Structures are given as C-alpha cells and as structure tokens.
Amino acid sequence: MKRLAILISGNGSNLQAIIDAVQAGRLQARIAVVISDRPDAYGLQRAERAGIPTVTFPLKPYKKAGRPREEYDADLAGLVGAFAPDLIVLAGWMLILSPAFLSHFPRQVLNLHPALPGQFPGTRAIERAYAAFQRGEIAHTGVMVHWTVPQIDAGPVVASETVPIHERDSLEDLEARIHATEHRLIVRAIEMVLEAV
Ligand code: GRF
C-alpha cells in the first residue's frame, strides 16, 4: 500500500475528501500522517477521528528563537521523511517550502491551488479571480494540482479543471463550486501519480 503524508494548515476539507476516498476504497493508499503547522487546524480533528497519526509542527518557536526559515524546512523534511511517504500532499498548507525541504523529495510533493495554472498565485486566489471576473478580465477560473517547486503555486501541472463563474454568483457561490472541484481533483491527481511512484 502506497503511503501518503498530508500537510495542512486549516479546515482540512480536502484532507477529508482524501480520507473519504481511502475509506471507501476508491483510493488505494494509506495516510501515514497528517502534519499541521497550526495547532488549532480543524483538519487535525478530522485526522484523529479517522485514526490517522497527527503531528503539529509550528513555525513560531523557530521565529521566536531567531532561527532561519531553512532550519524549520529542514526539520520538517526530517519529520515527514520519518514516515517514509511515497507521496506528500500539500492540502491547504499555507507555508511556502524552500529547497531545504523540497530537495529531499524531488517530484514527490503535490500542491493544490484554487486557480488555473499561472493564475492568481498566492493567497486569496478565489477572491482575486472573483474580482477579475467582475472587471471582465476572465470568463472562468479553475483548480489545479501540480508538483511543488520553490516558486509559489507553480510547477509541472498534474491535473487541472476549469470552473465556471456565473453572472449572479456571490463570492460564496464561487468558493463552494471551487471547493467541490478541488475535492474531486485532489483525489484524482493522487490516484494518477500513485500509479507512477
Ligand atoms: C483550498 O482552497 C486550497 O486550494 C487552498 O487552501 C484551501 C484549503 O482548504 N490552498 P481545506 O483546508 O482543504 O478545507
């Protein structure tokens, strides 16, 4: 059974989609660990409920001690590596990972981004897409899953899907449509790459 390490920072609805797919036998994999940089991430409770080991690994103590970000990333790599994952999934992980982490896992770290390739990198991508639609700059948005590289929300695309925006959409409508798409796409992308790793 292929082993997944899933990194989260918050709600964990994408983590839940992966848990559901594993439990239903739609995804042939074991979630070896869920790691959060935030102790209060709701996703940790979702993992615990599913009997998955969790680790909280906050950045704050490193910052307080004046330690460089690379040290956090290197220690995180050690922590993740100890669970011997075949694949690492950033599912709503909000910290940017430097080569001090990524160099340990070449072509092994998937990231999920709620926009199409090359669009709206960084935080609040859905809000920015919604505003761009209001200004007539884009006709639709989307979701992508890609291999993680040091540049934010860039890297070789594994799967992407267009998401329509309708004239009468509120931001909440669009968010709901994007999240539903993410929940499908992240499971499909993991399935695809697990066949290759
Ligand atoms: C998702 O929209 C993901 O693409 C973005 O952060 C959100 C996380 O949602 N990077 P959740 O924690 O999986 O519910």
Flagged in region 116-138 as in a loop (DSSP other than H, G, I, E, B) and either within 25 Å of Ile96 (Cα to Cα) or open to solvent by less than 60 Å² (accessible area, probe 1.4 Å) (or both), in numbering order, are Leu116, Pro117, Gly118, Gln119, Phe120, Pro121, Gly122, Thr123, Arg124, Ile138
Gly155 fails exactly one of the following numbered conditions: (1) on the phi > 0 side of the Ramachandran plot; (2) surrounded by fewer than 18 Cβ atoms within 10 Å (Cβ to Cβ). What is the number of that condition?
(2)
Among (1) within 24 Å of Pro114 (Cα to Cα); (2) crowded, with 17+ Cβ neighbours inside 10 Å; (3) touching a helix residue (DSSP H, G or I) at 6+ places or on another chain (Cβ under 7 Å), the one test that Asn11 misses
(2)
List the pairs whose first member sits in region 1-21 and is touching a residue at least 12 places away in the same chain (Cβ under 8 Å), whose second member is within 7 Å of the ligand (Cβ to nearest atom) and assigned to a strand (DSSP E or B), and whose Cβ atoms are under 7 Å apart, counting only residues at least 6 apart or on separate chains?
Asn14/Leu112; Leu15/Ile8
Among the residues of region 14-49, how many are crowded, with 16+ Cβ neighbours inside 10 Å, part of a loop (DSSP other than H, G, I, E, B) and among the hydrophobic types (A, V, I, L, M, F, W, C)?
2
Looking only at region 40-53, and only at residues there that are closer than 13 Å to Gly12 by Cα and of a type outside the set (D, E, K, R), the one that is nearest to the chain's Cα centre (by Cα):
Gly43
Could you identify the single residue in Arg69, Arg107, Arg3 that is closer than 23 Å to Gly155 by Cα, at pLDDT below 95 and away from the ligand (no atom under 16 Å from the Cβ)?
Arg107
Can you report the number of residues in region 77-111 which are part of a helix (DSSP H, G or I) and either under 26 Å from Ala125 (Cα atoms) or open to solvent by 20 Å² or more (accessible area, probe 1.4 Å) (or both)?
7
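The values are calculated or read from the model by the stated rules, or taken from the named source; none is laboratory data. Values in this document were obtained by computation on a predicted structure and should not be read as measured data. Backbone-built Cβ (ideal geometry, glycine too); neighbour counts: all protein chains shown. With ligands, DNA and RNA removed, areas are computed over all heavy atoms of the protein, side chains included. Shrake-Rupley method; radii C 1.70, N 1.55, O 1.52, S 1.80 Å.
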